[in-house]
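Let me begin by presenting the structure, written as structure tokens, before commenting on it.
The values are calculated or read from the model by the stated rules, or taken from the named source; none is laboratory data. Source: prediction; values computed, not measured. Counting neighbours? That spans all protein chains shown, and the Cβs are built from the backbone with ideal geometry, glycine included.
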Amino acid sequence: MKNSNQNIKVEFCKKCVMSNQKVLPSIVTDDNKDHSNKVNIPFKNSICNACVEVEKKYKKIDWKEREIKFKNFLNKYRSRNGSYDCIVPGSGGKDSVFQAQILKEKYNMNPLTFTFSPHIYTEVGMKNFHNWPLKADVPNYLFTPSGRVHSKLTNLAFNNLLHPFQPFILGQRNMVVHMAKKFKIPLIFQGEPQSERGGMEDEIDQFEMLPRYWSKKKNQKILVAGLELDELEKKHDITKFDIEYYLPMDEDEALREQIRIIYLGYFENLQPQENFYLAAKLTDFKPNDRRTEQTYSKYNSIDDKIDPFHYYTAYTKFGYGRCTEEASIEIREGYINRDEAVKLVHKYDHEFPERYFKEFLDYIKISENEFYEKLDEFRPSHLWDKVGNDPTHCKNWRLKVKVE
């Protein structure tokens, strides 16, 4: 099954290793079974727009000027009585630890941190999460959704969209907005601007997440796991009340509450490795106990046992994997060069995530054969060649075009 808007000709960025099959961040509640709302990352002269935007960080942006603007902006929100004045969503990973700390120490803000629980915590993820409020002196609210509802939604998103992480993304993105209303804290922070990972033209040089990503218009059709809400209730016993906090806030309500989601990375030059060093020092943040499957690193997205299957299903649909994502970021940040990245991608991108495979199958209640059959249903013919008959760990498929 091919995304109806997907590029047929595969091309790779000549600066990083990103594929032109990469899709841009979408309005998640528009995601449908034929992926017709997906748009590929823009390329110009064989360079992806993420590389163009990150290059600005090092060559064109006056960070001192942005810091002054940021301080003036925060003056409108900073608490005078010790109450919370902003929300930082996160898991206690390196990025959220860094963001909360810099807001607190450098800008004298008083952040409340918020966590939408992973599907299944990893051991290291749980330790890092608990150490965040314990050692960084920031309060935290943890929201854990119903296990029945969340696992069922994950199953439906896998089967309908080959996107098992979609319900978590919905909860992570939208629950914090509802929290902002509940606690009367309208200022929410996220990390890097969308444009640094590849964004729409109207997101270039934006310091604020556009409301279309986290609010909905009146009478806007909402899809969750590719299904309309009435179908979820009638066929799958999941009511609108069960998923209230997965759903975006009404646009009019968001305007009344004056909620804003700000990219801290627009004002601060955020760098993944620097975030790691600070988190390790501040909260005793621990990396994985081994190299993370499908890539070469140990410290990115390590708190959820379902996470590897988010990357592997994307690899199936779009022909690039977790290593491509991480290596492209590290090229842009100057940590590795393109030749090194190509070798890493060839070595790790195709790796099957064995470590938590059984737990993933148990969580979404499918068999191993059903897993392989569903991947093949969504596998685009312009990306893959079948090279055998043994489906175990998908070794019977090979990419037609690889980065060089």
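Some points to look at:
- Near pairs, Cβ below 8 angstrom, 6+ apart or cross-chain, from the range 188-205 (closer than 26 Å to SER91 by Cα) to any residue that is aromatic (Phe, Trp, Tyr): PHE189/TYR263; GLN190/TYR263; GLY191/TYR263; GLU192/TYR263; PRO193/PHE207; PRO193/TYR263; PRO193/TYR266; GLN194/TYR263
- Once the range 158-194 is narrowed to residues that are in contact with a strand residue (DSSP E or B) (Cβ under 8 Å, 6 or more places away or on another chain) and among the β-branched types (Val, Ile, Thr), the residue that is farthest from VAL224 (Cα to Cα) is ILE185.
- Residue in the range 368-376 that is in contact with a helix residue (DSSP H, G or I) (Cβ under 9 Å, 6 or more places away or on another chain) and over 30 Å from GLU123 (Cα atoms) present: yes
- Only one of the listed residues (GLU233, GLU293) is surrounded by fewer than 23 Cβ atoms within 10 Å (Cβ to Cβ), under 20 Å from LEU170 (Cα atoms), modelled with pLDDT of 95 or more and not hydroxyl-bearing (Ser, Thr, Tyr). That residue is GLU233.
So that you can scan it fast, the table gives a plain yes or no per residue for (1) more than 13 Å from ARG197 (Cα to Cα); (2) modelled with pLDDT under 95; (3) under 25 Å from the mean Cα position of the chain (by Cα):
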{"site": "CYS16", "(1), (2), (3)": "no, no, yes"}
{"site": "VAL23", "(1), (2), (3)": "no, yes, yes"}
{"site": "THR29", "(1), (2), (3)": "yes, yes, yes"}
{"site": "LYS33", "(1), (2), (3)": "yes, yes, yes"}
{"site": "VAL54", "(1), (2), (3)": "no, yes, yes"}
{"site": "LYS60", "(1), (2), (3)": "yes, yes, no"}
{"site": "ARG66", "(1), (2), (3)": "yes, no, no"}
{"site": "LYS69", "(1), (2), (3)": "yes, no, no"}
{"site": "ASN72", "(1), (2), (3)": "yes, no, no"}
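- Any hit, the range 50-70, residues being touching a residue at least 60 places away in the same chain (Cβ under 8 Å), touching a His at 6+ places or on another chain (Cβ under 8 Å) and of a type outside the set (A, V, I, L, M, F, W, C): no
- When we screen LYS218, LYS182, LYS152 for residues that are assigned to a helix (DSSP H, G or I), farther than 28 Å from LYS317 by Cβ and over 18 Å from the mean Cα position of the chain (by Cα), the only hit is LYS182.
- Residue among LYS281, LYS298 that is free of Cβ contacts under 8 Å to residues at least 24 places away in the same chain, closer than 30 Å to ASP137 by Cβ and in a loop (DSSP other than H, G, I, E, B): LYS298
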